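One structure is given here, and the rest of the page talks about it.
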Amino acid sequence: MEFGTRLPVLNARQSGGARSRVMSKVIGSLIGEGSCHINEIRQFSGATIEIAEKEGDSRRSEVTISGKPDAVSSATFLINARIQAGRQAAARPSMD
């Protein structure tokens, strides 16, 4: 499943986390310059977030969120919001 629509949360109470494959073209907007966005999400949510580099010619990177259920839920929400904001910014016409 792709981030940006909804992150499928794997039963957070039992597994303590979520995992999803994210289109590589949106990873940059999730991470941010100097990792500013992803670090902010980590700090605010309290979740551990790992982003695995895509393998081979894959178009998706794997994002793994772990921690307490509330932290996983917060991180999921914030990641989806960040990706959506990145998509909206990319869709805006350039004013150059």
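The values are calculated or read from the model by the stated rules, or taken from the named source; none is laboratory data. None of these values were measured; they are calculated from a predicted model. All Cβ positions, even for glycine, are placed from backbone atoms using ideal geometry, and neighbour counts span all protein chains on display.
Summary of values
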item	result
Pairs with Cβ under 8 Å, 6+ apart, first in segment 34-48 and under 18 Å from Gly17 (Cα atoms), second among the basic types (Lys, Arg) and buried (at least 18 other Cβ atoms within 10 Å of the Cβ)	Ile41/Arg82; Thr48/Arg42
Looking only at segment 39-82, and only at residues there that are in contact with a Gly (Cβ under 9 Å, 6 or more places away or on another chain) and in a loop (DSSP other than H, G, I, E, B), the one that is surrounded by the most Cβ atoms within 10 Å (Cβ to Cβ)	Ala47
Segment 1-38: number of residues that are exposed (fewer than 11 other Cβ atoms within 10 Å of the Cβ), of a type outside the set (Asp, Glu) and either modelled with pLDDT of 85 or more or under 11 Å from Ile65 (Cα atoms) (or both)	2
